[in-house]
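Below is one structure, written out as structure tokens; the observations come after it.
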Amino acid sequence: MELPAQGYVNPSKTTMEFDVTMEYTILDTDRSYLRFQNNIQSIFNRVRLLYGSNTLEDIPSYNVITRALTEWTSVGPQGTVTADSISQGIGGVTPGYSGQLGGGASLNGAGAAKAILVNIRQAYIQGVSLAFTAVDASLASGFGVVPNCSVAVAALATMLAILGKNPSRRYQIQFNLGMFNQEKLIPTKFMASQLAIEVSLEAAAACMIYVTGGTPTTTAPTYNVSNVNLIPEILEFDASYDESFLQGLRQGGVPIKFSTWNNFRFTCQAGTTQNLQIQERSRSTKLIVCLLRRDPATIGTDSGASFYNTCITSIPNNATTFSTFNEYQFRIGGK
């Protein structure tokens with residue numbers, strides 16, 4: 001995607017819109033659920049900002065950084081539905097009622113909707129949820145296909161009405177690139193080369209959560225992105241502003257300073273401590289973050305989440321089997 005070579009682009013108001021469609025074959029015996037990880041930008045594996053053939057920013061594992069920032073700075077796990085939920089696919093859980101794939105005319109009827117903590121992304125944004133309870137009202141039924149065909153159905157047989165319906169949602173996001181989070185306007189009209197954004201998509205296993213139930217299809221779920229639009233806010237000023245800007249260019253240039261992200265991946269080895277060498281040269285460092293994550297990613301888990309426990313053979317409710325992190329220590333030079 002290329003920014004237009006005209007005017008001055010306001011980076012803080014530049015967004016990208018796109019459609020995301022889940023591709024999943026639904027069977028009438030299926031009881032699975034499928035949704036995206038928190039923040040739809042989890043589907044972006046790598047984002048690059050290019051000035052002609054020069055790379056201004058290159059952020060691999062872009063989705064990992066964005067996911068972490070989402071968890072730390074947006075609504076908490078017990079959050080509410082906000083504008084960010086609809087436009088960016090952000091949301092935890094909120095009190096509500098389960099779907100009515102199990103039928104039932106009242107909240108106390110067999111298979112009726114049950115008061116639960118509802119996953120916002122699953123029930124209100126985009127997802128497939130086929131859990132079905134025909135008799136036991138203590139169990140929660142699914143929400144069907146969201147946003148398409150999300151009308152509750154009264155019996156299992158009517159699940160045939162949603163077969164082949166792949167849910168699609170349009171999102172609008174702002175990039176977490178340093179250039180798009182600084183205060184100066186970008187003078188694209190005076191640039192010698194095109195300013196472009198290159199986005200690489202993530203594999204489904206690393207950005208979706210798919211938990212099977214019943215007798216699901218043998219075809220792995222995936223997704224596709226279409227109808228992509230980059231929407232910059234372009235400002236135009238009078239001739240005196242352009243003259244002042246050109247004068248600044250002739251007198252040494254107009255600096256645009258911004259921060260960006262670098263990241264490094266290491267494999268955890270056995271032992272109580274690890275020493276990891278980071279080869280980094282930066283003018284300054286504002287923030288260092290360490291995340292412990294699952295590798296390789298599996299679609300049956302929230303692979304974008306990080307966790308504190310390094311024990312992979314732990315026994316539930318047995319504290320002696322857990323090996324919790326105590327601390328990170330950073331050494332820069334001799335300090």
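Taking region 233-243 as the region of interest, how many residues are surrounded by 11 or more Cβ atoms within 10 Å (Cβ to Cβ), in a helix (DSSP H, G or I) and acidic (D, E)?
Taking region 233-243 as the starting set, the residues that turn out to be surrounded by 11 or more Cβ atoms within 10 Å (Cβ to Cβ) are 233-235, 237, 241-242.
Okay, now just the ones that are also in a helix (DSSP H, G or I), so 241-242.
If we keep only those that are acidic (D, E) as well, we get 242.
Adding up the residues that qualify gives 1.
Looking only at region 14-33, which residues are out of contact with any Gly (no Cβ under 6 Å at 6 or more places or on another chain) and in a strand (DSSP E or B)? I'd like the intermediate steps shown before the answer.
In the first step, residues of region 14-33 are kept if they are out of contact with any Gly (no Cβ under 6 Å at 6 or more places or on another chain); the result is 14-28, 33.
Matches in region 14-33: T14, T15, M16, E17, F18, D19, V20, T21, M22, E23, Y33.
If you check V254 against the conditions, is it modelled with pLDDT of 85 or more and either closer than 26 Å to L177 by Cα or β-branched (V, I, T) (or both)? Reasoning before the result, please.
Details: modelled with pLDDT of 85 or more: no; either closer than 26 Å to L177 by Cα or β-branched (V, I, T) (or both): yes.
It is false that V254 is modelled with pLDDT of 85 or more and either closer than 26 Å to L177 by Cα or β-branched (V, I, T) (or both).
So F175 clears everything in (1) assigned to a loop (DSSP other than H, G, I, E, B); (2) hydrophobic (A, V, I, L, M, F, W, C); (3) at pLDDT below 90 except one condition, right? Which one?
Tallying (1) assigned to a loop (DSSP other than H, G, I, E, B); (2) hydrophobic (A, V, I, L, M, F, W, C); (3) at pLDDT below 90, F175 fails exactly one: (3).
Which of the residues belonging to region 43-55 are surrounded by fewer than 17 Cβ atoms within 10 Å (Cβ to Cβ) and either in a strand (DSSP E or B) or touching a strand residue (DSSP E or B) at 6+ places or on another chain (Cβ under 8 Å) (or both)? Walk me through how you get there before you give the answer.
As a first pass, look at region 43-55 and keep what is surrounded by fewer than 17 Cβ atoms within 10 Å (Cβ to Cβ): 46, 51-55.
Of everything in region 43-55, those that are surrounded by fewer than 17 Cβ atoms within 10 Å (Cβ to Cβ) and either in a strand (DSSP E or B) or touching a strand residue (DSSP E or B) at 6+ places or on another chain (Cβ under 8 Å) (or both) turn out to be R46, Y51, N54, T55.
How do the pairs read when you match residues in region 163-183 that are over 20 Å from T14 (Cα atoms) with residues anywhere that are charged (D, E, K, R), using Cβ under 6 Å and keeping only pairs 6 or more apart or on different chains?
Pairs that qualify, where the first residue is over 20 Å from T14 (Cα atoms) and the partner is charged (D, E, K, R), are N166/E23; S168/D19.
Quick one: which of L230, L246, L291 is touching a residue at least 24 places away in the same chain (Cβ under 8 Å) and either part of a helix (DSSP H, G or I) or small (G, A, S) (or both)? Before the answer, list the steps.
Numbers: L230 fails: either part of a helix (DSSP H, G or I) or small (G, A, S) (or both); L291 fails: either part of a helix (DSSP H, G or I) or small (G, A, S) (or both).
Only one candidate passes the filter, namely L246.
Is it the case that some residue within region 258-274 is closer than 30 Å to R331 by Cβ and either among the charged types (D, E, K, R) or part of a helix (DSSP H, G or I) (or both)?
Yes, region 258-274 has at least one match.
The values are calculated or read from the model by the stated rules, or taken from the named source; none is laboratory data. Please read these numbers as outputs of a predicted model, since none were measured by experiment. Cβ coordinates were reconstructed from backbone atoms using ideal geometry, including for glycine residues, and neighbour counts include every protein chain displayed.
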